[in-house]
Amino acid sequence: MTLSISPDMNSVAQLVSSLSNQQLPKVTEAEMMQAVRTLLIGLGENPDREGLRDTPKRVVKALQFLTKGYDESLDELLNGAVFTEDANEMVLVRDIDIFSSCEHHILPIIGRAHVAYIPNGKVIGLSKIARVCEMYARRLQVQERLTVQIADALQGLLKPKGVAVVVEATHMCMVMRGVQKPGSWTVTSAMRGAFAEDMRTRQEFMDLIRHNANFH
């Protein structure tokens, strides 16, 4: 597919917008497997040897599973699990395991999310909070975007008095390659409503997620 760029398109924002509006061609699993086979050859391997014969198929299946969040929607995920409730104190689900993939290198991002909200007449099933995190994590991501997507999803679904999300993760693109710094962690946060506006509310949340869990 050839992209035609008009002469007056002189900004990065315009170019990105033009690219995002292009109709992406459909790609079959067979074509994806051929691409993996080509990569193996490029790495100096023989894709026909016994150990690699089924690797293209396995890689495609693995990538489809790791990015299954693209095929999920909030409506399907919630399945009606938003309830009217006269509650107005913080609800916190912490230490939600996160497994995602870095969009720059397609290497693992492994960590945990802590999610809190203050109800405003509506509550959500607790397991659905974890499923929202899972849906956005199972896409090619950067941690900053993932954190914001979780917060904005809950803000849009519940219209609560506030939402707070903190994600702590280690990135294999920093551990296995590049600077090669095992043990390094990245922490990102997104605060909405009361958590952004009230320092005491925000501090309560931060204190609660620092407390060591005793459930394991």
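The values are calculated or read from the model by the stated rules, or taken from the named source; none is laboratory data. Just so we're clear, the structure is a prediction, and the values are computed from it rather than from any experiment. Neighbour counts are summed over all protein chains in view; Cβ atoms, including those assigned to glycine, are modelled from backbone coordinates with ideal geometry. For the accessible areas, the whole protein counts, side chains as well, though only heavy atoms, and no ligand, DNA or RNA atoms are used. Shrake-Rupley method; radii C 1.70, N 1.55, O 1.52, S 1.80 Å.
Side notes on the structure shown:
- For the chain, built as a Gaussian network whose Cα springs stay under 10 Å, the top-fluctuating residue of Ile41, Ile98, Ile124: Ile41
- The alpha carbon convex hull volume per residue for segment 131-183 rounds to 86 Å³.
- Here the spin labels are modelled as points 7 Å beyond Cα on the Cα-Cβ line, and at Glu50 and Lys26 they lie 3.9 nm apart.
- At the listed q of 0.21, 0.31 Å⁻¹, the Debye profile of segment 54-104, built from one uniform point per Cα, gives log10 I(q)/I(0) equal to -1.02, -1.16.
- Area of Lys57 that stays accessible when all protein chains are in place (1.4 Å probe, Å², to 10): 110
- Dmax and Rg, reported as Rg then Dmax, of segment 94-168 (C-alpha, Å): 12.3, 42
- Global geometry of segment 124-216, whether rounded, prolate or oblate, following the gyration tensor of its Cα atoms and the 1.5 cut on a/c: prolate
- Counting protein heavy atoms only, the chain has 55 percent of its accessible area on carbon and sulfur, 1.4 angstrom probe.
- Relative counts (whole %) of C-alpha pair distances in the chain, using bins that are 10 Å wide: 7, 25, 28, 23, 13, 4, 0
- Modelled FRET efficiency - R0 22 Å, Leu126 with Gln64, Cβ distances, 0.05 increments: 0.20
- Arg94-Val142 pseudo-label distance in nm [points 7 Å out on the Cα-to-Cβ vector]: 2.9
- Total charge dipole magnitude, the chain, about the Cα centre, Cβ charges on Lys, Arg, Asp, Glu only, Debye to nearest 20: 340
- Projected onto their three principal axes, the Cα atoms of segment 55-183 cover extents of 51, 32, 18 Å, largest first.
- Label-point separation, Lys159 to Leu78 (7 Å along Cα→Cβ), nm: 1.1
- In the chain, the calculated helix contribution to ellipticity at 222 nm averages -12000 deg cm²/dmol per residue, counting -39,500 (n - 2.57) for every DSSP H run with n ≥ 4.
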